[in-house]
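See structure below.
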Ligand code: B12
Ligand code: SF4
């Protein structure tokens with residue numbers, strides 16, 4: 001048998017990024033956390049060269065690494081304001097493996113590798129930096145076998161780069177070159193990976209000249225005899241949709257879920273946004289399932305942002321609020337819990353040039369949360385927003401964690417036998433599981449008595 005020569009030992013490192021939800025590598029309808037897709041492609045590339053590859057998250061001791069002694073350590077990076085975690089990993093592995101080559105790349109590195117601070121630190125830890133997309137690694141599919149747990153979705157790009165140049169955005173700086181896949185390439189890849197959930201990381205999915213062919217082809221695609229669920233994590237470019245409304249029907253036919261469009265510019269675009277939403281509604285997406293990305297704490301004033309929010313009320317669509325953080329910032333200590341004490345510009349970027357303040361940032365977020373809860377739970381019933389809906393919504397998310405579907409109404413939850421205690425236990429287990437990164441159990445098929453007994457087991461097991 002032909003034995004492949006092992007050339008080098010590679011250690012791929014995903015720094016301990018502070019993901020809000022610690023159940024790592026989980027992607028569901030709201031894709032909070034993602035697999036380190038860049039590293040998985042790099043892993044596939046190095047394996048193809050005959051190298052041995054291991055992937056870890058954060059700082060691991062020699063024992064935890066089973067005395068794997070790498071020749072090369074590859075540290076990826078993501079948001080610029082999470083740079084601290086990248087340097088923590090680099091420092092740690094530099095001390096642990098003094099002779100190893102260390103290289104770092106990814107979003108933050110691409111945007112910052114020429115800054116004085118970066119150059120100084122790179123010199124201190126003798127680390128090489130790599131800017132941009134890795135041409136060779138891009139030819140490979142992500143090697144999901146490098147992850148400890150199964151991931152039920154495939155993350156991919158049908159195109160790289162973007163046709164626009166929005167001032168606040170990093171994508172066109174990170175991916176200056178436009179690259180488009182064809183329908184055959186996209187289909188071939190999805191079939192090869194064989195997962196029935198696919199997330200596109202494209203910055204501007206509709207700008208691919210092959211997009212109609214891709215949408216038509218994926219609409220017919222089946223994996224294991226089942227249609228495939230598609231989602232695009234970025235918003236669709238509404239201007240392109242407005243120019244060519246056929247996109248709306250094609251997206252629907254292809255099975256795209258959680259549709260989002262962006263409204264980054266002024267209130268003057270309201271009628272355009274209405275047209276875009278109307279096309280999507282006509283194609284079969286209920287308004288409450290459509291979300292509008294909105295950048296705030298940027299150059300549109302708080303007052304005008306509230307006007308935009310009120311217009312979304314009329315349209316009956318949800319809002320995804322994106323707080324502006326400059327690409328130059330290397331930290332962001334905004335805390336949603338500091339509502340009473342407040343925070344200052346020392347903690348996070350407050351766009352005072354356009355009149356933003358900590359209070360306005362928090363008020364806008366709060367208004368968006370209220371708005372979304374109203375859209376989700378009250379609007380269709382002709383009800384006003386009620387603070388109690390927030391309570392129910394929080395319980396709903398606990399139910400979702402255990403795969404329990406929709407909870408009963410608040411009346412039952414507050415007065416029905418045993419519900420208060422049950423929810424308390426469920427929340428404790430959920431928080432514990434999240435803290436420890438334990439996979440959520442599926443209690444979907446259980447009757448109440450069985451549920452109580454399973455919850456007790458989960459909670460007691462924690463003490464073992
Ligand atoms: C997917 C994505 C998300 C996902 C999560 C991403 C993740 N991995 O967990 C979600 C939806 C959660 C998300 C959220 C947000 N995002 Co986002 N996101 C992206 C996107 C589209 C892709 C990033 C990515 O994961 N790429 C994956 C792989 C394929 O690429 P890669 O890691 O870069 O790897 C390749 C190369 O970089 C290289 N490489 C990587 N590492 C290494 C190491 C070495 C040694 C080498 C040689 C090469 C190498 O090789 C790989 C293969 O080619 C980027 C835009 C972009 N074009 O990059 C924005 C981007 C990173 N996001 C951005 C922003 C602003 C946000 C939000 C703040 C928006 C908001 N205000 O709400 C939130 C933040 C949420 C939070 N928790 O703080 C900004 C970042 C700005 C910044 N200051 O850093 C970007 C750049 C987009 C933009 N509009 O500017 N995002
Ligand atoms: S359209 Fe989106 S991805 Fe393209 S430059 Fe603007 S914000 Fe960035």
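At negative phi, within 16 Å of ligand 2 (Cβ to nearest atom) and at pLDDT below 95: does that describe residue 166?
When the stated conditions are applied, residue 166 passes them.
In segment 288-301, the qualifying residues are those that are more than 16 Å from ligand 2 (Cβ to nearest atom) and surrounded by fewer than 18 Cβ atoms within 10 Å (Cβ to Cβ), and the one that is nearest to residue 382 (Cα to Cα) is 288.
Here are 340, 376: which of them is modelled with pLDDT under 95, on the phi < 0 side of the Ramachandran plot and under 22 Å from the mean Cα position of the chain (by Cα)?
Criteria check complete, one pass: 376.
Entry remark, segment 243-257: residues being buried (at least 20 other Cβ atoms within 10 Å of the Cβ) and either outside the structural domain of residue 278 (by TED's automatic domain parsing) or within 16 Å of ligand 1 (Cβ to nearest atom) (or both) number 1 in total. Being surrounded by 15 or more Cβ atoms within 10 Å (Cβ to Cβ), free of Cβ contacts under 8 Å to residues at least 60 places away in the same chain and touching a strand residue (DSSP E or B) at 6+ places or on another chain (Cβ under 9 Å) is a property that holds for residue 321.
Any chance segment 197-207 includes a residue that's more than 28 Å from residue 330 (Cβ to Cβ), in the same structural domain as residue 293 (by TED's automatic domain parsing) and more than 16 Å from ligand 2 (Cβ to nearest atom)? For segment 197-207, residues more than 28 Å from residue 330 (Cβ to Cβ), in the same structural domain as residue 293 (by TED's automatic domain parsing) and more than 16 Å from ligand 2 (Cβ to nearest atom): present.
A search for C-beta distances below 6 Å between a residue of segment 156-168 that is assigned by TED's automatic domain parsing to the domain that holds residue 197 and free of Cβ contacts under 8 Å to residues at least 12 places away in the same chain and any residue that is near ligand 1 (Cβ under 9 Å from one of its atoms) and outside any loop (DSSP other than H, G, I, E, B), counting only pairs 6+ apart in sequence or on different chains, returns 165/172. Taken over segment 54-87, the residue count meeting the criterion of being buried (at least 17 other Cβ atoms within 10 Å of the Cβ), at pLDDT 95 or above and assigned to a strand (DSSP E or B) is 8.
The single residue among 189, 175 that is more than 16 Å from ligand 2 (Cβ to nearest atom), in the same structural domain as residue 326 (by TED's automatic domain parsing) and at negative phi turns out to be 189.
The values are calculated or read from the model by the stated rules, or taken from the named source; none is laboratory data. The structure presented is a predicted model; accordingly, all values stated were derived computationally and were not measured. Don't worry about glycine lacking a Cβ; one is built from the backbone with ideal geometry, like all the others, and counts go over all protein chains shown.
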